[in-house]
1. Do you know which residues across the stretch A:206-248 are of a type in the set (Lys, Arg) and over 27 Å from the mean Cα position of the chain (by Cα)?
2. Any idea which of (1) out of contact with any Asp or Glu (no Cβ under 9 Å at 6 or more places or on another chain); (2) modelled with pLDDT under 95 is the one residue B:293 doesn't satisfy?
3. Could you grab me the full set of residues in the stretch B:197-217 that are surrounded by fewer than 17 Cβ atoms within 10 Å (Cβ to Cβ) and in a loop (DSSP other than H, G, I, E, B)?
4. Could you please tell me which pairs satisfy a Cβ distance under 6 Å, a separation of 6+ or placement on different chains, a first residue in the stretch B:302-316 that is in contact (Cβ under 8 Å) with a residue 24 or more places away in the chain, and a second residue that is surrounded by fewer than 24 Cβ atoms within 10 Å (Cβ to Cβ) and assigned to a helix (DSSP H, G or I)?
5. If I go through the stretch B:43-60 residue by residue, how many of them are surrounded by fewer than 24 Cβ atoms within 10 Å (Cβ to Cβ) and assigned to a strand (DSSP E or B)?
6. Would you pick out the residues in the stretch A:224-245 that are surrounded by fewer than 18 Cβ atoms within 10 Å (Cβ to Cβ) and closer than 30 Å to residue A:168 by Cα?
7. Can you tell me which residue is nearest to the chain's Cα centre (by Cα) among those in the stretch B:173-194 that are in a loop (DSSP other than H, G, I, E, B) and closer than 14 Å to residue B:107 by Cβ?
8. Would you please name the residue that is surrounded by the most Cβ atoms within 10 Å (Cβ to Cβ), looking only at residues in the stretch B:341-352 that are in a loop (DSSP other than H, G, I, E, B) and within 11 Å of chain A (Cβ to nearest Cβ)?
Number of protein chains: 2
Amino acid sequence: MARAFLIILDGGADRPVKELYFRTPLEVARKPMIDRLACEGACAIMYPIRPGVRPGSDTAHLAIFGYDPHVYYKGRGPFEAAGLGLDIKPGDVALRTNLGTVDDKGIVVDRRAGRYFSPDEIKEIENIMREVCEQVSKEFGVEIVYKHGTEHRGALLLRGEKISHEVSSNDPHKVGLPVKKIEPLVKKPEAERTAEILNRFVELASEKLRKAEFNERRKREGKPPANIILLRGAGVLPEVEPIYEKFKIRAAMVAGIALIKGIGKVLKFDVVDVPNYRGSRDDDFDAAFSTAVQLLANYDLVFLHVKPTDAYGHDGDPHGKINIIERVDRALAKVFDKIGDDVYIMITCDHATPVKVRDHTGDPVPLLLWGPDVQTDECMKFGERPCAKGVLGTVLGMDIMYILCNYMGKLEKFGE
Amino acid sequence: MARAFLIILDGGADRPVKELYFRTPLEVARKPMIDRLACEGACAIMYPIRPGVRPGSDTAHLAIFGYDPHVYYKGRGPFEAAGLGLDIKPGDVALRTNLGTVDDKGIVVDRRAGRYFSPDEIKEIENIMREVCEQVSKEFGVEIVYKHGTEHRGALLLRGEKISHEVSSNDPHKVGLPVKKIEPLVKKPEAERTAEILNRFVELASEKLRKAEFNERRKREGKPPANIILLRGAGVLPEVEPIYEKFKIRAAMVAGIALIKGIGKVLKFDVVDVPNYRGSRDDDFDAAFSTAVQLLANYDLVFLHVKPTDAYGHDGDPHGKINIIERVDRALAKVFDKIGDDVYIMITCDHATPVKVRDHTGDPVPLLLWGPDVQTDECMKFGERPCAKGVLGTVLGMDIMYILCNYMGKLEKFGE
């Protein structure tokens, strides 16, 4: 039975980069394996949501998995929480958290507090947060849980009566600006109360973090202290049909970051952890690809998520992005002979994160589909420009699962 | 006044075929006339429904004629019935029928009972069915009519109180499986009663067919007997605006098979019969094209349907498909000089029926548009790969009528 291997290079697509002589990281990267697949397969350009619409990684992945984000997206928080292993239930409100750095005047100077924390530091952070959660719990009569993730990331879960996800973020989203107050987004007592709970949580956490020993150490070492917690993406769990029911396929996922793992868990992929694969710049792509290929023996669809292409886009570093693309290419080449002849490989991006923009854009992204019976075309290279010549034309993120299931022979006919 | 000539090669698109050195029937067929139109005109790839979605010929044609099949498709049966000249009315339930062959254990061994029947055999079949209909009519107090079509095909019409189209098929859709029982698809008395009526019809028809003289003759001649009737595509007439109102055009249709003729009749095309044009492998394309070109004198849109490309796809025969494409090309070439300068010609497919898959797929299909003012592009040949370079880009089936009416100058402006 035909199977599919779907690889997403998060934020991999780009715009012409001056220092690359107006080519893109995907166009200049040395990636003979991926380019061979483009040569032998069919290409397209894909708009993850719609042309011009700037996707988040969450909405883009929902669309790519066949779930209309306009219907199913109710905030990023629940996916982050599920991805970190929090047992989120219908009605719970969840938020994505960042540890950040503010100066004495409350101005954000680093939205990631230097990004890197030692295991001991994380232990201290978790202890502090436990105390904060206990106190807020007592004050408001709600259950509240913090779970730390990788680097500066975490999730916060609220459970109880009269809470709402319709609250704003305290994250100014730019350095040089003060931390915001969390506000209710609607005039409802639940939203007002939730804003109050969260503002109290932020206040208490800052107090305790400022006094924490590990932050003194960080300052001595010239590292930015983690003295603020930034909350965003408040949301509730969407009601979704599991992917195995929607498309009648068994689906597995290999991903490093909590957001994507959480989407996988909510949609009922089997989400597989790979050691040293956490969405970091030093991710072990060999381990990820070899796990993915093993999974192909037992699943119809194996999904592999590559994060650091996006991180280098946000950092504005084209060479970092190129390096990740080249490492992914070598990792795929190493396992390629173990991928069966009946496997369709699709490679694309969830959105562009152009190094010049340093954020997601609504640009088209390249897509390739390789496998038995796939039409070949004039696209001989995987990249933003060459793929525009592809025989699959212009498709949307929401088409991806249908295209894969069409080739796998997993779709019912519509009509006769 | 500009006019349009729309030619659909049913199931004409394909995937690379090994024995054609990984080219497609459209790519290898010698079709100088059609390729000249591609050279001189504008090309595109078209997804009949949406990328990846596998269309039936019915849903695809509805979309191509501008009627969203998600809204207007309520089963294939009514189109088959209308196409065979049955006077189907709102509320009637109609089904497509096949004569098939079962063995002694009720296992389907040929879903088409050899496909070919002599005129005398068809007369006998019609007599038997008339008796069966009369008896079922009496037993259940409903009107029931069978109409035989070409080869093994026919339609069944039910009229009366408390009937429903929400019933399953008895066709296992594969040989080697037993005939199914028709079941209600919803828990409604109407659906339960309709299933009962149809199961009784199948039972009585089998009884009488088994004993029929012509079947004894067929067995002696080594032909599969027609000893079962397979019912599918139960449906009711959709409420549609006639095409002449929707697009303000007079439309004529030349088609061989009942399904397409029926769609034409329901949408209020003038459906023209052409002798020796029945959707068979020996269709008289010269007659069909010459009729179509005559019709262009009096109609804004003339639609011509070519069936056997699809039949050869289902048979897995690339050479048969190539042969049909070449015959169509010659037929078009013969009448080309009689087609006025103000006529737009569009050629496309309602879906792919790859010879390797032997069924419809959700692949893109090539499209060409030729005529006055049409943008030319780099596509120099009509085929799956070349058309991907077309200046019309990627379009959907639902766009076709708008594209044609745009060029014909028949569209109101949206806004000012």
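The values are calculated or read from the model by the stated rules, or taken from the named source; none is laboratory data. Owing to the predicted nature of the structure, the values given are computational and were not obtained by experimental measurement. Cβ placement follows ideal geometry from the backbone for every residue including glycine, while neighbour counts extend to all protein chains displayed.
1. Once the filter is applied, which keeps residues that are of a type in the set (Lys, Arg) and over 27 Å from the mean Cα position of the chain (by Cα), the stretch A:206-248 yields A:208, A:210, A:211, A:217, A:218, A:219, A:220.
2. For residue B:293, the exception is condition (2).
3. B:211
4. From residues that are in contact (Cβ under 8 Å) with a residue 24 or more places away in the chain, the pairs are B:302/B:295; B:312/B:320.
5. Qualifying residue count for the region: 0.
6. Of everything in the stretch A:224-245, those that are surrounded by fewer than 18 Cβ atoms within 10 Å (Cβ to Cβ) and closer than 30 Å to residue A:168 by Cα turn out to be A:239, A:240, A:241, A:242.
7. B:173
8. B:351
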